[in-house]
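Shown next, in structure tokens, is the structure this report addresses.
The values are calculated or read from the model by the stated rules, or taken from the named source; none is laboratory data. On a predicted model such as this, the values are computed, not experimentally measured, just so you know. Note: ideal-geometry Cβ built from the backbone for every residue, glycine included; neighbour counts use all protein chains shown. Heavy atoms of the whole protein, side chains included, go into the accessibility calculation; ligands, DNA and RNA do not. Shrake-Rupley method; radii C 1.70, N 1.55, O 1.52, S 1.80 Å.
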Amino acid sequence: MAVQEPLVTKTDKTFRDSLSSVDDKGERVFFHPKKPKGRFYNARKILSYFLLALMFAGPHIRVNGHPFMLFNILEREFILFGVAFWPQDFKLLVLGFITLVVFIVLFTAVYGRLFCGWICPQTIFMEMLFRRIEYAIDGDYQAQKKLVAAPWNGEKIRKRALKFSLFFGISFLIANTFLAYLIGSDELFKMISEPLTNHIGSFIALVLFTGVFFFVFWWFREQACTIVCPYGRLQGVLLDKNSINVAYDWVRGEPRGKHGRNRDENLGDCIDCNQCVVVCPTGIDIRNGTQLECVNCTACIDACDEVMDKVGKPRGLIRYASENGIASKMRQVITPRIVAYSLLLTALLGLFSYLLTTRTTTETSILRARGQLTMVQADGSVKNLYMVKTINKSFDELQITYRLKTPAEGTLQLVGQNFLVPPQGYREGAFFVILTARQSNQKLVPIAIEVLHGDEVLETIKTTFNTSSSN
Ligand code: SF4
Ligand code: SF4
């Protein structure tokens with residue numbers, strides 16, 4: 001089937017050489033997008049408020065008295081969904097990071113910037129908090145433009161003061177939450193209740209975070225997505241013509257032409273009403289094709305659907321679709337590639353979840369004592385001394401014991417009695433392993449040692465037992 005070229009390849013592409021948020025003189029262009037409304041916007045609102053509640057509550061949720069989430073980089077303390085991670089879990093973190101990168105690449109290749117529009121905190125804060133406050137105080141886009149052009153009269157001063165106070169208050173709240181994720185909510189409350197001089201570092205961080213958030217949501221706005229965000233900048237290499245994005249159906253829409261009684265019936269469905277442009281928070285025209293600035297916020301889908309309803313045409317002139325899907329007039333979104341990639345994504349998530357859930361509570365290393373010769377006893381049995389170190393990754397104190405699992409007839413004698421390992425701490429000790437003469441018939445005998453807390457086997461460590469007294 002001959003595939004029709006997207007509109008953008010036939011028209012002027014100079015818009016791709018510059019950012020819509022910067023004018024010819026290099027100055028900031030502020031957008032005043034029309035207030036969005038429609039089914040996608042409503043769905044995004046519900047998801048956004050759920051995610052916001054989760055995010056603000058996150059650092060204060062406790063599981064058995066411990067934080068549910070903590071990312072204390074300075075003290076290398078990480079808690080994810082109530083599970084503490086240690087620097088010893090570095091392998092798991094690296095694997096998790098690789099899984100995440102592969103996941104992002106595959107996910108974006110298939111589903112485009114779905115994350116940006118629905119989950120990204122920048123979009124949620126900007127569109128669902130700050131922008132909504134702006135609409136409530138300054139009015140919709142036309143009123144906002146009027147207010148910008150108006151002289152500094154009483155009304156403008158009052159509105160600006162109210163808006164910026166609210167912006168500042170929310171930035172302060174976000175900064176507190178962000179800090180609570182880093183240092184823990186206990187530390188944050190201490191900072192609030194104790195003299196500031198005891199927490200000068202945290203206080204400076206709080207002031208800096210507040211300033212950065214205020215600046216981003218007051219002035220920088222969508223430029224965080226187009227200029228700063230590495231994920232946004234990678235879209236050029238992550239997307240291809242089969243990726244699903246918010247896209248204009250140029251096959252159906254072109255040639256565009258104004259709506260009216262004498263409209264040429266050979267025209268496409270786009271009535272060139274510009275509603276998809278005025279609603280766009282990044283100031284682009286989606287009819288030019290997929291662009292770096294598009295954060296897939298779906299506002300143009302809702303705007304165009306409303307227009308289509310009014311002119312009696314089917315919805316979906318702008319919709320989630322791939323370039324190839326539009327070119328070949330396929331409305332189908334689920335393709336074999338999407339199924340294959342989705343299965344792979346599920347497998348990756350499954351693997352990571354498996355590694356997380358099978359992660360041990362302790363991490364034990366057992367080494368034969370250096371310089372200690374193998375001892376052959378009077379009855380022919382052979383004895384070796386081992387040094388042991390057990391790290392307790394849990395929040396509870398553990399009474400650790402060790403047991404020789406194989407060979408079954410051997411014995412293990414702990415040097416000293418008590419092996420109490422403090423929470424998130426470690427203990428070092430030593431034990432002897434004794435094998436009978438019959439079991440010692442080869443130079444290196446494989447042995448397995450169980451690490452127990454009560455009756456619960458936490459780990460099984462495999463090592464070797466040297467039977468040669470000459471070493
Ligand atoms: S809202 Fe729809 S009909 Fe109006 S200009 Fe955009 S694509 Fe065309
Ligand atoms: S083009 Fe549409 S989906 Fe993309 S940012 Fe603009 S309004 Fe949102």
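Just give me the residues in segment 309-330 being among the aliphatic types (A, V, I, L, M), surrounded by 15 or more Cβ atoms within 10 Å (Cβ to Cβ) and out of contact with any strand residue (DSSP E or B) (no Cβ under 9 Å at 6 or more places or on another chain), in sequence order. Ala327 - this is the single residue of segment 309-330 that is among the aliphatic types (A, V, I, L, M), surrounded by 15 or more Cβ atoms within 10 Å (Cβ to Cβ) and out of contact with any strand residue (DSSP E or B) (no Cβ under 9 Å at 6 or more places or on another chain). What pairs come up if the first residue lies in segment 137-165 and is without any contact (Cβ under 8 Å) to a residue 24 or more places away in the chain, the second is surrounded by 14 or more Cβ atoms within 10 Å (Cβ to Cβ) and acidic (Asp, Glu), and their beta carbons are under 8 Å apart, counting only those six or more places apart or on different chains? Qualifying pairs under 8 Å: Leu147/Asp138; Lys159/Asp138. Just one residue in the set Asp249, Asp240, Asp264 is surrounded by 15 or more Cβ atoms within 10 Å (Cβ to Cβ) and away from ligand 2 (no atom under 12 Å from the Cβ); that residue is Asp249. Within segment 56-114, being open to solvent by less than 20 Å² (accessible area, probe 1.4 Å) and among the hydroxyl-bearing types (Ser, Thr, Tyr) holds for Thr99, Thr108.
Assess whether Leu398 counts as being touching a His at 6+ places or on another chain (Cβ under 6 Å) and either touching a residue at least 12 places away in the same chain (Cβ under 8 Å) or in the same structural domain as Phe85 (by TED's automatic domain parsing) (or both). Against the criterion (touching a His at 6+ places or on another chain (Cβ under 6 Å) and either touching a residue at least 12 places away in the same chain (Cβ under 8 Å) or in the same structural domain as Phe85 (by TED's automatic domain parsing) (or both)), Leu398 qualifies.
Taken over segment 380-423, the criterion of being part of a strand (DSSP E or B), open to solvent by 80 Å² or more (accessible area, probe 1.4 Å) and charged (D, E, K, R) is satisfied by Arg403, Lys405. Remark: pairs (first residue in segment 28-39, open to solvent by 50 Å² or more (accessible area, probe 1.4 Å); second residue away from ligand 2 (no atom under 12 Å from the Cβ) and aromatic (Phe, Trp, Tyr); Cβ separation under 9 Å; 6+ apart in sequence or on different chains) = Phe30/Trp219; Lys34/Tyr141; Lys35/Tyr135; Lys35/Tyr141. Looking across segment 235-294 at every residue that is within 29 Å of Tyr341 (Cβ to Cβ) and among the β-branched types (Val, Ile, Thr), the one that is farthest from ligand 1 (Cβ to nearest atom) is identified as Val237.
Which residue, of Phe214, Phe220, Phe178, is within 21 Å of Gly58 (Cα to Cα), open to solvent by 20 Å² or more (accessible area, probe 1.4 Å), assigned by TED's automatic domain parsing to the domain that holds Asp285 and of a type in the set (A, V, I, L, M, F, W, C)? Going through Phe214, Phe220, Phe178 in turn, just one is within 21 Å of Gly58 (Cα to Cα), open to solvent by 20 Å² or more (accessible area, probe 1.4 Å), assigned by TED's automatic domain parsing to the domain that holds Asp285 and of a type in the set (A, V, I, L, M, F, W, C): Phe178.
A quick yes/no check of all residues on (1) within 14 Å of ligand 2 (Cβ to nearest atom); (2) in a loop (DSSP other than H, G, I, E, B); (3) modelled with pLDDT of 95 or more:
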| site | (1), (2), (3) |
| --- | --- |
| Cys304 | yes, no, yes |
| Asn324 | no, no, no |
| Met330 | no, yes, no |
| Ile334 | no, yes, no |
| Ser342 | no, no, no |
| Ala347 | no, no, no |
| Ser353 | no, no, no |
| Arg359 | no, yes, no |
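Number of residues in segment 240-287 that are of a type in the set (Gly, Ala, Ser) and either part of a helix (DSSP H, G or I) or in contact (Cβ under 8 Å) with a residue 40 or more places away in the chain (or both) equals 4.
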